[in-house]
Every structure is written in structure tokens, then in C-alpha cells.
1. In whole Å, largest first, what are the principal axis extents of the Cα atoms in segment 156-259?
2. Could you work out the per residue convex hull volume over the alpha carbons of segment 86-171, in cubic angstrom?
3. Using bins 10 angstrom wide from zero, how does P(r) for segment 243-390 break down, in % of all Cα pairs?
4. Quick check: Cα centre of segment 103-136 to Cα centre of segment 144-182, how many Å?
5. Compute the Rg to Rh ratio over segment 49-100 from the alpha carbon atoms, using the Kirkwood formula for Rh, and round to two decimal places.
6. Of 206/388; 213/269; 204/389; 269/338; 217/269, which pairs sit farther than 18 Å apart, going by alpha carbon to alpha carbon?
7. Pull up the cross-link candidates among the lysines for residue 220, meaning alpha carbon to alpha carbon under 20 Å and not fewer than 8 places away within one chain.
8. When the helix-only estimate is applied to the chain (DSSP H runs of n ≥ 4, each -39,500 (n - 2.57), divided by the residue count), what is the mean residue ellipticity at 222 nm, nearest 500 deg cm²/dmol?
Amino acid sequence: MPTRLSTSFRRAVADREILARLAEGVASVPQEDWDCCHDGSNPFLSHAFLSALEDSGSVGARNGWQPLPILIDGADGRPAAAMPAYAKSHSQGEYVFDHGWADAYERAGGLYYPKLQIAVPFTPVPGPRLLTHDPTLIPSLIAAAEAVVRQNGLSSAHATFVAEEQVPLFEKAGWLVRMDRQFHWHNRGYGCFDDFLADLSSRKRKTIRRERKEALKDLKIEHVTGAALTEAHWDAFWLFYQETGSRKWGRPYLTRRFFSLLGERLGDKVLLILAKRDGVPIAGALNLIGANALYGRYWGAVEDVPFLHFELSYYQAIEYAIANGLARVEAGAQGEHKLSRGYAPITTWSAHYFADPRLRDAVSEYLERERQAVANEIDYLGNFTPFKKA
């Protein structure tokens with residue numbers, strides 16, 4: 001597949017020709033040009049994060065994530081709109097599962113791969129996928145993704161973990177919309193962790209206090225961010241990350257160098273929470289700090305300590321969010337066990353474009369049934385949050 005494509009679009013409302021192009025990775029775009037296309041509230045969309053994935057070898061054509069960001073330049077020749085996009089030769093590391101669609105299409109004689117993935121790799125964090133401060137460019141940005149699919153013989157384009165406010169923009173363009181769910185913690189104006197506990201039923205409150213006490217026995221907790229992050233911290237966390245990755249998906253996606261680059265380029269947005277025994281880290285949780293949210297990403301341990309996962313990944317995150325006035329904690333994909341820790345079910349969204357109308361019709365029928373099932377599940381799970389009942 002070519003790494004660069006020029007396509008023109010004319011919009012009668014603006015009476016101008018809009019040129020969309022593919023860049024050879026986010027790292028090939030000047031940092032200030034990429035970051036001027038978004039508001040900076042979501043660190044995963046930053047040039048620092050996306051270029052670290054590329055420069056570390058965590059993404060690339062060789063591992064099935066070929067970076068092909070779509071750009072629309074403004075009158076000054078600098079990007080006025082952008083879309084993080086990748087040519088994919090598989091469906092790994094996406095957290096929105098389309099393996100069944102791929103299998104069915106290929107059994108019918110089609111080629112599902114390669115496809116276009118509009119996403120942040122390995123990151124199930126909702127956020128904008130249409131990056132621009134000029135809303136008149138959004139239809140052209142979506143049309144550019146469709147053109148990439150058609151002109152390069154791809155089967156489809158998939159925008160995953162789309163911010164809710166952008167879902168109607170894809171839907172208006174005729175893309176199919178898919179629902180899923182995650183669990184987020186929401187700050188109700190708490191002044192401290194005990195204020196949060198006071199909102200819970202007595203039984204749940206006691207359970208959390210007991211879990212925290214057992215988890216922290218003989219351990220010290222350290223929060224590390226910014227210039228305090230060292231290679232020794234990343235060496236320790238790399239062991240934790242590998243341990244979890246080898247158990248969950250066989251081969252960790254990220255390289256060791258990625259974490260060093262993350263600390264160098266985005267250290268002030270990194271919160272590394274470590275548990276230490278006798279001064280030696282035995283477990284850690286990696287978070288990124290957004291404008292309004294704390295994003296929990298990876299956790300791991302080299303000792304099996306009861307409830308330590310909950311302590312580092314959930315309770316410490318809640319304490320940090322309260323202390324720093326953040327509106328929510330997003331703790332990643334899956335995990336009904338988060339319910340009893342104060343994390344409530346929320347809807348997540350993706351949008352899908354198919355070049356073959358037969359595949360589109362089949363997926364559309366499936367999604368209609370799936371959306372209702374997901375909505376019912378979210379309603380059902382909402383009954384099991386630990387908060388006091390009215």
C-alpha cells in the first residue's frame with residue numbers, strides 16, 4: 001500500500017478545493033503542526049505519545065500497524081485537520097473486536113485485510129478521532145478516510161473509541177455505529193477518599209477498607225511523575241508490564257524503549273504508582289493525566305499480593321483524582337469487578353465504513369441486535385454499583 005495519497009474534495013458550501021494527504025507517520029509531522037489540530041486535553045492524541053509509539057518500534061508496517069495519518073492542510077500550508085490512522089494487517093491491539101466479521105468475509109471469498117484503523121494503538125480510551133478546530137473540514141476528513149479505503153483496495157475503515165460528541169458526525173456520513181461499554185469512576189465533588197466511601201453502602205465501604213488494609217500491609221506506595229521518572233523506574237515497570245502481557249495476550253505490544261520515550265516526551269502527564277517492599281518495587285500501575293481525567297493503562301506485579309491490583313489501579317487512582325480535582329478515572333477495557341469499587345458502566349462508541357455493500361449490510365444487521373444487547377447490559381450492570389440506594 002502506498003504511504004502517501006493525494007485526494008481532492010470540493011465542498012459547494014465553501015466553494016473551495018480541499019486536499020487531503022497521507023503522511024508517513026505522526027513523527028514525520030512537526031510537533032506544533034500536529035498538536036495545533038486538537039485541544040491537548042487527551043494525552044494519547046498528542047504528537048509526543050503517537051510519535052513515541054513509532055520511534056520505539058511499537059507500531060510500524062512490520063508489526064501490522066503502519067502509521068498513515070490523514071491530514072488536510074490549511075491556507076497557510078500547515079495542517080488544519082488530522083486523523084490518527086493506520087493500515088492494519090490483523091485485528092490485534094484494538095479492543096473493539098471484528099475477528100468474526102473478518103472470518104465471515106474471507107469465508108465468502110473476500111479479503112478483509114488490510115484495513116484502515118482510525119485509533120490510538122493499544123489504547124481503549126475514548127477521545128476525538130477527527131482532530132480540527134474547523135468544523136467545516138470534518139466531512140472532508142471522513143471522506144478522505146473513505147477514499148483511502150477505495151483507492152487502495154482496502155476492505156474497510158474503523159474509527160474506534162470515538163468521543164461521543166463525534167459519533168453523529170460519522171453516522172451522518174453513513175458509517176455504521178457500534179456500542180460497547182467500559183467502567184469509569186466519577187468524581188462527585190469529593191474532598192477526600194473518605195467522602196467517596198461515605199457515598200457507598202456500609203457493606204461495600206467495609207469491604208474496600210479491608211482490601212486496602214490487606215493490600216498495603218508491609219508495603220510503601222510511591223507516586224512518580226515528571227522529572228522524577230528515571231530509567232530505573234522504567235526498568236522496574238517493564239518487568240511488571242511483561243509479566244501481565246505474557247499472561248493476557250502472549251506478547252506485550254510495547255517495546256522497552258517506548259517507556260523511556262514516554263518519560264522523556266510526556267513525563268509531566270505520566271503518573272507511575274509503585275508498591276515497594278523494603279525499598280524494592282514489586283508492583284506498579286501506569287497512568288496518564290489528562291485535563292479532566294486520569295487514564296489508567298497498565299499494571300503488573302512480580303509478587304502475588306491480595307488486593308494489590310485494586311489498590312494500585314483503582315483506589316490510588318481515585319485518591320489522585322480527588323486530590324487533583326479530576327472529573328473521572330478511566331480504568332481501561334473490560335472488568336465487571338470494577339463495579340464494586342465504585343466504577344460505573346458507561347457507553348463507548350466506534351464507527352465503521354465498508355467498501356463492499358454486502359459486508360456492510362451483514363454487519364449492519366448484526367450491529368442492530370448487538371446495540372440493544374449492550375444497552376440492556378449497561379442498564380443491568382448499573383444495578384450493581386456500590387452506592388447507597390435512594
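1. Taking max minus min along each principal axis of the Cα atoms, segment 156-259 gives 56, 42, 31 Å.
2. Details: hull volume 8.3 nm³, N = 86.
Hull volume over Cα atoms, normalised by residue count, gives 97 Å³.
3. Values per bin, smallest distances first: 9, 29, 32, 21, 9, 1, 0.
4. 6
5. 1.08
6. Pairs exceeding 18 Å: 213/269; 269/338; 217/269.
7. 276
8. Helix-only estimate at 222 nm: -10000 deg cm²/dmol.
Read-outs: derived from the displayed coordinates by stated rules, not from any lab. Here the structure is a predicted model, which is why all the values come from computation and not from measurement. So basically every Cβ, Gly included, is an ideal-geometry build from the backbone, and we count neighbours across all protein chains shown.
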